[in-house]
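S.K.: Can you read through this structure? Questions will come right after.
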Amino acid sequence: MNEQLDEVAEALEAAETEADLDDVEADLDDVAATLEAADLPEPDEDDEDAEDPRAELEARVEELRDGIEEARGPYAEDVVAVIESAQGTLGEAEWTERGETEAVDAVATFLAALEEQDLSVDADAGETPADASAALDEAAEAIEGAGLDADEDAETLAALVEAADALESGVDDAETWDDLSVRQKMTAEGFYDRLTSENRKDFPPELSVVRIAEQENDPERILMALEYLTSEFMEENCIDAFRRMGSEEAYDAMMERAQKRDRPAIEVLGKIADDRAVETLVDYIQDESNPPLQRTVLRALGEIGSEEATQDVADRLVAEDAEVRARAARTLGMIGDTRAIDPLASRITEDDDDSVRAAAAWALNQIGTERALESAAAYADDRAFIVQDEAQRAADALGKTKQEA
């Protein structure tokens, strides 16, 4: 069998055509079939150095099969497969501006190589990766339609494979956003464009950019910093800037954080005052185990001022934590819904905490209707000065209203 395999190896070395390789493969199949049926001696299990003749022969058969496969082709479908791989990269990668140019150039070079092999493609590489991918569709069709034969057109196919490999390497090596450092990405997107030696007053320089962006009411630049910079220091400064700005553009980024019960982000949502936040925020004021979160959310709901939150906020007037009750009362005053008048008046009567009672009176003053003012003014002789003070404000407002009438 070793002699037969030697003959197969010699025939493989001498093979020049696909037909020759077919003959070599047939001979190898015959040897493999003989080997499978052969009754060969088993190695001595007690002898670690004993040779296994079947294993050695099977290894030679597999080695020759690999050699036959390596000797075949190349074929047109091999070139097309590489083109499709390059197209996948063109469509999936997130390119930088420079990378787009490099990828398109790689396709243009490949199309030129096709022209050299007399394969005409009408489309050019265009200006974008999408244009280039479309041109490669036509290139693949031209190669498949050329009827190239592995024997007769071996040189052409070899040149096309080389060009396709260069195409794939060129596209793979073109610059994508993943290739850039954080600072390179931010530079490419213009983050540092407004930074000069005169206005660079803080360290790190990114903090200067955030403060300049706040002065210029440029939320997009701050959003970029929030996306790319992961330090707690920069995150705090970005969110502080949005808290002062109340930029609507920050809504999505803040809502994403608010859904993780991030209190600074919730504060920003209050400043933005977008009614869309109410549905999410009202769920958080039910959690009696987290009074700080409840107070933060209640303040935000008051700043948003949507009457959609009135009932949920009114339910917090009987919360366990007195500060939560007081904040709920003030939130109702900020919302200004007249449905809250009776619950607020009840708090002045029933609550044992004077700060809560004073907050309820303040809220009635904020609502400001005649009935709300009368409800607050009724406590002019209250035991607590802070409640008396709000009652007097209500009485003064009522008097002024009656004079104007």
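S.K.: GluC sites (Glu not before Pro), restricted to region 12-63: which are DSSP loop and have at most 13 other Cβ atoms within 10 Å?
M.R.: Taking region 12-63 and a limit of 13 other Cβ atoms within 10 Å, the loop GluC sites (Glu not before Pro) found are 16, 45, 48, 51.
S.K.: Okay, next question. On a 0 to 90° scale, report how tilted helix 354-367 is relative to the longest principal axis of the chain, with both axes built from alpha carbons and the result rounded to the nearest 10.
M.R.: Helix 354-367 sits roughly 90 degrees off the main axis of the chain.
S.K.: In whole Å, what are the extents of region 85-179 along the principal axes defined by its C-alpha atoms, from largest to smallest?
M.R.: So the three principal-axis extents are 44, 22, 19 Å.
S.K.: Considering only 79, 55, 35, whose Cα is most displaced toward the positive end of the charge dipole of region 25-94, charges sitting on Cβ of Lys, Arg (+1) and Asp, Glu (-1)?
M.R.: 79
S.K.: Roughly how far apart, in whole Å, are the Cα centres of region 29-75 and region 311-356?
M.R.: 88
S.K.: Could you state the accessible area per residue of the chain in Å², with a 1.4 Å probe and every protein chain left in place?
M.R.: Result: 54 Å² per residue.
S.K.: Taking Cα pairs under 8 Å and at least six residues apart, what relative contact order does region 92-203 come out at, in percent?
M.R.: 35
S.K.: In what sequence, largest accessible area first, do 203, 110 appear using a 1.4 Å probe?
M.R.: Listed by decreasing accessible area, they come as 203, 110.
S.K.: Where the accessible area of region 27-131 is counted over protein heavy atoms with a 1.4 Å probe, how much of it, in %, is carbon and sulfur?
M.R.: 41
S.K.: Under 9 Å from the Cβ of residue 288, count the other residues' Cβ atoms, weight Lys and Arg +1, Asp and Glu -1, and hand me the total.
M.R.: -3
S.K.: Another question, then. Sort all Cα-Cα distances of region 303-359 into consecutive 5 angstrom bins from zero, then give the percent of pairs in each bin up to the one containing the longest distance.
M.R.: 4, 23, 37, 24, 11, 2
S.K.: Residue farthest toward the positive end of the dipole of region 295-347, with Cβ of Lys/Arg at +1 and Asp/Glu at -1: which of 335, 314, 296?
M.R.: Value: 296.
S.K.: What three numbers, in Å, describe the spread of the alpha carbons of the chain along their principal axes, ordered from the longest?
M.R.: The Cα atoms of the chain stretch 119, 63, 41 Å along their principal axes.
S.K.: Using DSSP to define loop residues, name the trypsin sites (Lys or Arg not before Pro) in region 162-218 whose beta-carbon has at most 15 other beta-carbon atoms within 10 Å.
M.R.: Qualifying residues, ordered by number: 194, 200, 201.
S.K.: Additional query: Size of region 1-107 along its principal axes in angstrom, Cα-based, largest extent first?
M.R.: Sorted from largest, the Cα extents of region 1-107 read 67, 39, 19 Å.
S.K.: Cross-link partners among lysines for residue 271, C-alpha distance below 19 Å, same-chain residues fewer than 8 apart left out?
M.R.: Output for residue 271: 260.
S.K.: Among 220, 198, 84, which one moves the most in a GNM of the chain with springs linking Cα atoms closer than 10 Å?
M.R.: 198
S.K.: So which GluC sites (Glu not before Pro) in region 300-385 pass both tests, a DSSP loop state and at most 13 other Cβ atoms within 10 Å of the Cβ?
M.R.: Hits after loop and neighbour filter: 320.
S.K.: To the nearest Å, what is the center-to-center distance of region 197-214 and region 115-163, using C-alpha atoms only?
M.R.: 52
The values are calculated or read from the model by the stated rules, or taken from the named source; none is laboratory data. Everything numeric here is computed off the predicted structure, so don't read it as measured data. When we count neighbours, we look across all protein chains shown, and the Cβ atoms used for this are built from the backbone with ideal geometry, even at glycine. Remember, those area values only see protein heavy atoms, side chains included, never the ligands or the DNA or RNA. Shrake-Rupley method; radii C 1.70, N 1.55, O 1.52, S 1.80 Å.
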